[in-house]
Each structure stands twice: as structure tokens, then as C-alpha cells.
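Reviewing the structure listed below.
Where a number appears in this text, it was derived from the coordinates with a stated rule and is not lab data. Since this is a predicted model, take the numbers as computed values, not measurements. Backbone-built Cβ (ideal geometry, glycine too); neighbour counts: all protein chains shown.
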Amino acid sequence: MRRLTAFALAGALAWSTFPAAAYEDEKDRSPALVDAEGKPLTFTDHRGQAVTEERFLGQFLLIYFGYTHCPDICPTDLQVITRTVEDLAELDGRVTPIFITIDPGRDTVAVMADYVGHFHPRMIGLTGTPVELKRARKAFRVRAMKFFLPPSDDDEDEDEKEEDDDDDSEYVFSHTALYYLIDADGKLLTTFHRAQRAERIAARIREYLNR
């Protein structure tokens, strides 16, 4: 029952609570891999290595913010990103897919490594401390709000119910759901709404790379 509630809540919130258009003006191409003071964003990748923007300079990035416990929205979007990058195979790896978690409490290095392994083989998963990931969300104007799930209605004894009610690990997020295209200098080029098809996104990316 709780899993069904998670699907319903995530589906209703991840798309409707926060507007999809975090960047309405494509001319707003300020650096995306540094904070407002120009300091580099820092992460830990899914292999346990410290990461800053220097790791990605020279590459085009297709970035998505989400979390591994998301029941449907995030894996669906990451599949779209996977198909987009596959469609760009002729570019010889010039576009790197990036998944940044908004859930540092659960998305450890090991969890991220297992999760990104289900998508494109070049996808990089980034986690970090709560402070590091908050800086990243602010830099990308990503909003995220946590919602705790109601207690399960499954039949169980009273002790199990008490323990379950005290468990604060069952939650979902409402969050900005956009795909961010970053150029080789670390600046935002544009964003894509999740309603777009992978083929259309790939075509737009080719246009940017061929300019």
C-alpha cells in the first residue's frame, strides 16, 4: 500500500508542484557549475572520487536532478536521457549524461553506482554532503521538497506498526524536473522539458554542437 502511495504522490508532485520552466530565457547562460560567488561546485561521483567543474570542462553535459528512490518520474526521465545520448553516438562521447541526487541521506556512493548502472554506460552519478548538494540545487535553480508517506495499512502486529510509524526513511520528493544542457565551458545552453521526445532533444543538441 505504501508503495502505491509513493507512486501516486511522486507522480502528482514531481511535475505539478514546481513549474518546469526554471529557465525561461535561453539567453540566461551564466556558469552553471559554480555558485553565485563563482566558487566551484563540489561532488563525489559514483566511484567515490571528489569532483569539481574541472572534471567536465571540454565536455557537453546533459544534467538531471533526482533521487534513486523515486518510484517512476526519475527513472523514466533517465531513460529519456539515455536514449538521447544513444542517439548522439556519432558525436563520439562529446555529450556526457549526469545524474545529481537531491537525496544525500539515502543516495550514497554505493547506491548511486548501482543505480546509474541501469542507464547509459557513460552516465555519471553525483552525490555529496547536504551542503554541497544544496549549493548545486541553488546554482541550477532546482527546487525540492520532501513529503513523508503515511503509515502503511498492511496487516501487522502492534510492535511492527509502532516501529514503522517511527521510521522517517519513507519519503518522496517534489522537485524541478528539467534536463540541463551545459556547454564545454561550463555554461548553461538551454533546458529541455521532460515531455519532449529523446529524438527531438538529440536534434536540438546537434544544433548547438554544430554552431
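Quick notes
- Peptides 139-146, 174-181, ordered by how many other C-beta atoms sit within 10 Å of their residues on average, highest first, read 174-181, 139-146.
- Taking a point 7 Å out from the Cα of Glu199 in the direction of its Cβ, the residues of segment 71-87 whose backbone N falls within less than 17 Å of it are 80-87.
- Gain upon complete extension [Ala184, Phe148; 0.36 nm per residue less C-alpha separation]: 9.1 nm
- Simple label model, 7 Å out from Cα along Cβ direction - Glu170 to Arg47, nm: 3.8 nm
- Length added when fully stretched, Lys39-Glu207, from 0.36 nm per residue minus Cα-Cα: 57.5 nm
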